[in-house]
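For reference, the structure discussed in these notes is given below.
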């Protein structure tokens with residue numbers, strides 16, 4: 001299990017979109033990958049949990065978090081080998097850790113926590129909650145957006161992660177993200 005949560009070496013810049021649900025991370029990830037003619041790592045939890053919902057009408061349980069983390073890192077490690085420029089990650093294990101603590105009374109599996117803190121990225125793009133809420137089968141905290149945003153922001157600060165806050169329209173967010181990534185590529 002530990003080997004499957006470990007980030008493999010790669011030759012690319014790694015950027016994570018980080019923040020609460022329904023804040024435009026996936027849209028921005030696709031835009032950035034297109035802009036840089038690179039690849040993006042989708043959020044494995046969405047596929048995993050949507051399949052669980054479709055088949056069992058059950059939501060995420062604490063026991064789902066390690067399989068989600070394994071799936072996320074498999075995607076990231078595989079896709080990191082397909083680019084030598086920028087890898088855009090729609091999430092990371094630190095985000096899974098934040099959700100674990102928010103949903104399960106502050107508890108996070110020690111193995112998940114270990115790799116959430118050990119895996120490294122060049123920049124986090126923290127997405128603010130100024131986007132409209134879009135309901136779907138999996139999103140469930142429309143009234144707790146501010147609390148969730150603060151949990152994400154606090155996690156970045158507490159763990160000394162480099163980050164830039166993205167606010168505004170899709171166009172403004174993309175422009176700011178490109179400025180940040182371009183400065184890292186220089």
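The values are calculated or read from the model by the stated rules, or taken from the named source; none is laboratory data. Because the structure is a prediction, the values reported are computed rather than measured. So basically every Cβ, Gly included, is an ideal-geometry build from the backbone, and we count neighbours across all protein chains shown.
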- [ ] Scan (1) more than 16 Å from residue 100 (Cβ to Cβ); (2) assigned to a helix (DSSP H, G or I); (3) touching a helix residue (DSSP H, G or I) at 6+ places or on another chain (Cβ under 9 Å) for the single condition residue 72 breaks and write down its number.
- [x] (1)
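Being within 22 Å of residue 179 (Cα to Cα) and touching a residue at least 60 places away in the same chain (Cβ under 8 Å) narrows it down to one of 165, 126, 94, 112, so name that one.
Values: 165 fails: touching a residue at least 60 places away in the same chain (Cβ under 8 Å); 94 fails: within 22 Å of residue 179 (Cα to Cα); 112 fails: within 22 Å of residue 179 (Cα to Cα).
Exactly one of 165, 126, 94, 112 is within 22 Å of residue 179 (Cα to Cα) and touching a residue at least 60 places away in the same chain (Cβ under 8 Å), namely 126.
Regarding residue 158, is this residue surrounded by fewer than 17 Cβ atoms within 10 Å (Cβ to Cβ), modelled with pLDDT of 95 or more and touching a strand residue (DSSP E or B) at 6+ places or on another chain (Cβ under 7 Å)? Explain how you work it out, then say what you get.
Details: surrounded by fewer than 17 Cβ atoms within 10 Å (Cβ to Cβ): yes; modelled with pLDDT of 95 or more: yes; touching a strand residue (DSSP E or B) at 6+ places or on another chain (Cβ under 7 Å): no.
Taking the combined requirement at face value, the residue does not satisfy it.
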Open item on the list: Residue under question is residue 58, and the condition is that it be under 15 Å from the mean Cα position of the chain (by Cα) and either surrounded by 13 or more Cβ atoms within 10 Å (Cβ to Cβ) or at pLDDT below 90 (or both); does it hold?
Closed with: no
- [ ] Output the residues belonging to the range 77-125 that are surrounded by 22 or more Cβ atoms within 10 Å (Cβ to Cβ) and not in a helix (DSSP H, G or I).
- [x] 86, 87, 88, 89, 90, 91, 92, 124, 125
TODO: May I ask you to list the residues in the range 23-51 that are buried (at least 20 other Cβ atoms within 10 Å of the Cβ) and either without any contact (Cβ under 8 Å) to a residue 24 or more places away in the chain or on the phi > 0 side of the Ramachandran plot (or both)?
DONE: 24
TODO: For residue 82, state whether it is farther than 19 Å from residue 161 by Cα and in contact with a strand residue (DSSP E or B) (Cβ under 6 Å, 6 or more places away or on another chain).
DONE: yes
